[in-house]
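Visitor: My questions will all concern the structure given below.
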Amino acid sequence: MDDSDPRVESGDAQKVTAKVKSESSIGIGWIAALPPLLLALVFATGLPAIADGETLRFVYEWVPSAGINLTFLVDGLSLTFALLIAGIGAVVALFSSVTLAGHVHYWRFVFYLLFFMFAMLGLVLADNLITLFVFWELTSVASYLLIGFNHSTAKARRSALQALLVTGGGGLALLAGFILLGSAAGTYELSEIMTMGDAIRDHALYLPIFFLILAGAFTKSAQVPFHFWLPNAMAAPTPVSAYLHSATMVKGGIYLLARVHPALSGTEIWLWTLTLFGAVTAVFASVLALRQTDLKLALAYTTLMALGTLTMFLGSGATIAIAAAVTFLIVHSFYKAALFLIVGIIDYRTGTRETAELGGLAKAMPLTAAAAAAAALSMAGFPPFLGFIGKELKYEGALAVASEPLFVATAAVLANALMVAIAGVVALKPFYGRRLETPKSPHEAPLFMWIGPLGLAVLGLVFGLMPGLISASLVQPAVTAIAGQPEEVKLALWHGLNLPLLLSVVTFVLGIAFYLGHQKLRGFLVRVEQRLPATADQMWDRFLDGLKVLAAWQTRILQGGILRRYLFVVFATTALAGVVTLYVTDAARWPDALPDFSIKHLLVVGLIAGGAIMTVFAGSRLAAICALGVVGMGVALIFVIFGAPDVAITQLLVETLVVILVAVVMLRLPSLERDPMKGARIFDAILALVVGGVVTVILLSVLDTPLDRTVTAYFEEKSMPEAFGRNIVNVILVDFRALDTFGEIAVVVVAALGAYVLIKGTKKAKQQ
Amino acid sequence: MNSLILSAATRILVALMLVFSVYMLLRGHNEPGGGFIGGLLATIGIVLYAIAHGSAAARKALRLDPLTIAMGGLGIALLAGVLAVLFGDPFFSGQWSFPFAEGGDKGFPISTVLLFDIGVYLVVVGAVLAIVLGLEEEV
């Protein structure tokens, strides 16, 4: 749809009124922050137990027969994620109670947000592969609803659909990977699978499992070449971007890689794939981040960089690399959520997010500026912020990586230097320097808006000064969970004079140089971008267009709307499948002994054959229908003779209905004499003979196989004592296989709906 | 169709067929019959009525739109499955109750299985009538 869509205008109008309203009243929207806050407190009570190295497990049976249970596991890794999800959820809910206050659909938004939080918590706490998958898909659905929240704009709709298709496609691969993993391990419980790493790595299915799970993780966590949906997802309201697309959902893929780390990591392919894709994503994204002029988009690309870095470090099995990943994960969630919300404040108070239009806001918004400075310093990795510890660990981890320490370290330094530059662009440029005119004249944001980002930024400082607060209680248990064995981790601000510190200095120098020259670099990147044949985003569009063309083409061929062709396709397929199967399996047999025929049988067969011949050669439709009725009645007689009264009755009633239906439409059908397709009847005859022949051969071959009565005997035995019914056919229909019957009647309803629409549609078309 | 004989006979026939269809539905668990057969019988009865008196009269006699009946049937069938879950069994396990049961006599059995069969009956009636009546009106 294009922008001339009338709904777009009304949508914009809606937004304007919403903003006007929000200035006057905040209302009770803040109560949306209570559920996440309470959950965060509940999770915090689990900290002491987890710090002692315990894990908690909760089991609710779901489909015990298939090994699918609602099992939940709380260990260091899942608790770290759960705390981040609930805590940042509270901040984001509080923030949006201001920015979206008075929005017509505010409560719908709250519902989506909490729905997402619920799904995300389920994802990180699930201990069963299938449970994890269900929550994984729920997060995709919630993300779709949230990205498309401003659904009156075409861009939001497109971005939402793109995110859904990319992550949903990855989700399908993930499901396949999980099923393979489950069958290879013999259990769907993650806590059990984690202990059998060697068996899984040596399993014949290791490679398919690895690639399928990777496809799920990489699409969710937007690794190159699936990165393009994430910047587009910035069409969502800013608090959503802060929550889903930086702090939580996109880390779902990282979580998955960390979760399966004990079972799948340690192979060459794991090491190289994760390291390479992670490094490429990190560097590529941080370069593109510098190219953006929209603050929110710049942050989106730095999120990609973070995801790439995390993937890169999870590729390694070294303790220090894993510790670097966990610490950076926490650091990043703090500063990135804070920065996104700060950009939200800037947008809300000034009316623009373009770097070129912003400057010197610090005087008007001192608290926001302070929060931005603290978050940006953590992002750039200056001491004494937690970001510094995270960066030191990254360098130490990079040097410990077994594959290519030089390559990983170079990628890390380059990406971090660019982070320093971006931190300057996002947090320095808008607040300091010359004051620029903005669409709205800014003043400090309300309490509920700045409290969250400031709190997160201050936490980054507190944890940096006192890393002991999280190192034993969160980081060490999480590293233990990822490594699959007890690990000792200690975070410290001062690591002594060593190579990582030297690399830090190099990073700062490079970063400041990048910042000073970022305008020139941006111009250069824009020129490069113009030379490129197509971006990944455009290739996605072409892919979708191609898919649509393919769909239209095969629909025209197979669903041409001509009844004769439909029948031809169906019967030709049946005949082909039958012939090929008979030939390949060499199953055609002539039975040793044909059953005895009585005169009764022969009469019925004669009736059916006579009816069929009459149908073909009948001169009028009425005669043909009557003859076809004879065939149907003959078949019903066969059911009667062989003791299937239910089927016989059904057959008779259906025959009756068919006659009525034909009688109803008879007047509208063209006369047989003027049939334009008369010449094609010879092909129809050949096809009919082939189908009849194939079915005959199959039935004769079946006679050669002894009848297996196991199933029949089972139902005969169980029907009365377990289902209290003597009529086995009906008992099977409504009790033993009730789910199948339910599916069938659902199909009947859908078919009726389709027919109804077709009939009414034709009528309308004719009236016009 | 303007036929005195047809419309006079229809009055009795339709009533008989509808009663018989319910009979077939109820006896289905032990004798030939069931929701599908019962539903087909009822449908044919109503179609007969529509042929004799016109589809508008048939719609009026039904009181509900055929598609509503079909949807309702699907809902009832689903309810039969959900009830099993509420009683703590897997989806669609038959739930039985035997009031007035004495010794070998099973009394007056009530079950979700019958509820499910009633759903099937309504789906068949609604779905087929939606198509047939729709076609009739179109012609």
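The values are calculated or read from the model by the stated rules, or taken from the named source; none is laboratory data. Quantities reported herein were computed from a predicted structural model and do not represent experimental measurements. When we count neighbours, we look across all protein chains shown, and the Cβ atoms used for this are built from the backbone with ideal geometry, even at glycine.
Visitor: Could you check, for the range A:259-270, whether at least one of its residues is in the same structural domain as A:Leu94 (by TED's automatic domain parsing), in a helix (DSSP H, G or I) and either closer than 25 Å to A:Leu114 by Cα or of a type in the set (S, T, N, Q) (or both)?
Guide: Yes; the residues of the range A:259-270 include at least one that is in the same structural domain as A:Leu94 (by TED's automatic domain parsing), in a helix (DSSP H, G or I) and either closer than 25 Å to A:Leu114 by Cα or of a type in the set (S, T, N, Q) (or both).
Visitor: Oh, and also: Output the residues belonging to the range B:60-107 that are of a type in the set (Gly, Ala, Ser) and more than 12 Å from chain A (Cβ to nearest Cβ).
Guide: Kept after step one, since they are of a type in the set (Gly, Ala, Ser), are these residues of the range B:60-107: B:61, B:70, B:72-73, B:75, B:77, B:80-81, B:84, B:88, B:93-94, B:97, B:101, B:103-104, B:107.
Listed by number, the residues that qualify are B:Ala61, B:Gly103, B:Gly104.
Visitor: So A:Phe715 fits all but one of (1) within 7 Å of chain B (Cβ to nearest Cβ); (2) in contact with a helix residue (DSSP H, G or I) (Cβ under 6 Å, 6 or more places away or on another chain); (3) among the aromatic types (Phe, Trp, Tyr); what number is the exception?
Guide: Unmet condition: (1).
Visitor: If you scan the range A:471-522, which residues turn out to be assigned to a loop (DSSP other than H, G, I, E, B), surrounded by 15 or more Cβ atoms within 10 Å (Cβ to Cβ) and not β-branched (Val, Ile, Thr)? Reasoning before the result, please.
Guide: As a first pass, look at the range A:471-522 and keep what is assigned to a loop (DSSP other than H, G, I, E, B): A:484-498, A:517.
With the extra rule that they be surrounded by 15 or more Cβ atoms within 10 Å (Cβ to Cβ), the set shrinks to A:484, A:487, A:489, A:491, A:493, A:495.
Matches in the range A:471-522: A:Gly484, A:Glu487, A:Leu491, A:Leu493, A:His495.
Visitor: Continuing with the same structure: Would you be able to say whether some residue in the range A:749-768 is in contact (Cβ under 8 Å) with a residue 24 or more places away in the chain and either closer than 29 Å to B:Ile69 by Cα or not assigned by TED's automatic domain parsing to the domain that holds A:Leu661 (or both)?
Guide: Here is the first cut: in the range A:749-768, the residues in contact (Cβ under 8 Å) with a residue 24 or more places away in the chain are none.
Scanning the range A:749-768 turns up no residue that is in contact (Cβ under 8 Å) with a residue 24 or more places away in the chain and either closer than 29 Å to B:Ile69 by Cα or not assigned by TED's automatic domain parsing to the domain that holds A:Leu661 (or both).
Visitor: With respect to A:Ile147, is the statement that it is over 16 Å from A:Lys220 (Cα atoms), in contact (Cβ under 8 Å) with a residue 40 or more places away in the chain and of a type outside the set (S, T, N, Q) true? Break it down stepwise before answering.
Guide: Working: over 16 Å from A:Lys220 (Cα atoms): no; in contact (Cβ under 8 Å) with a residue 40 or more places away in the chain: yes; of a type outside the set (S, T, N, Q): yes.
Judged against the criteria, A:Ile147 is not a match.
Visitor: Next question, about the same structure. Could you grab me the full set of residues in the range A:579-627 that are among the charged types (D, E, K, R) and part of a loop (DSSP other than H, G, I, E, B)?
Guide: Residues of the range A:579-627 among the charged types (D, E, K, R): A:586, A:589, A:592, A:596, A:600, A:621.
Correct list: A:Asp586, A:Arg589, A:Asp592, A:Asp596.
Visitor: Considering A:Val647, A:Val658, A:Val664, A:Val630, which residue is without any contact (Cβ under 8 Å) to a residue 12 or more places away in the chain, touching a helix residue (DSSP H, G or I) at 6+ places or on another chain (Cβ under 8 Å) and in a helix (DSSP H, G or I)? Let's see the steps before the verdict.
Guide: Details: A:Val647 fails: without any contact (Cβ under 8 Å) to a residue 12 or more places away in the chain; A:Val658 fails: without any contact (Cβ under 8 Å) to a residue 12 or more places away in the chain; A:Val630 fails: without any contact (Cβ under 8 Å) to a residue 12 or more places away in the chain.
Criteria check complete, one pass: A:Val664.
Visitor: Against the condition under 23 Å from A:Leu454 (Cα atoms), touching a Lys or Arg at 6+ places or on another chain (Cβ under 6 Å) and not β-branched (Val, Ile, Thr), how does A:Arg349 come out, does it pass? Working first, answer last.
Guide: Numbers: under 23 Å from A:Leu454 (Cα atoms): yes; touching a Lys or Arg at 6+ places or on another chain (Cβ under 6 Å): no; not β-branched (Val, Ile, Thr): yes.
Taking the combined requirement at face value, the residue does not satisfy it.
Visitor: Inspect all residues belonging to the range B:113-135 and state whether any of them is farther than 14 Å from A:Val748 by Cα, assigned to a loop (DSSP other than H, G, I, E, B) and at the interface with chain A (Cβ under 9 Å from one of its Cβ atoms).
Guide: No, that holds for no residue.
Visitor: Continuing with this model, one more query. Scan the helices (runs of 4 or more DSSP H) fully inside the range A:372-465 and keep the ones with 1 or more residues being farther than 20 Å from A:Ala247 by Cα and under 35 Å from the mean Cα position of the chain (by Cα). I'd like the intermediate steps shown before the answer.
Guide: Numbers: elements: A:386-400, A:405-423, A:447-465.
Where helices (runs of 4 or more DSSP H) fall fully within the range A:372-465 and carry at least 1 residues being farther than 20 Å from A:Ala247 by Cα and under 35 Å from the mean Cα position of the chain (by Cα), they are A:386-400, A:405-423.
Visitor: Determine which single condition B:Ser93 fails, assuming it passes every other condition in (1) surrounded by fewer than 24 Cβ atoms within 10 Å (Cβ to Cβ); (2) under 12 Å from the mean Cα position of the chain (by Cα).
Guide: The one condition B:Ser93 does not meet is (2).
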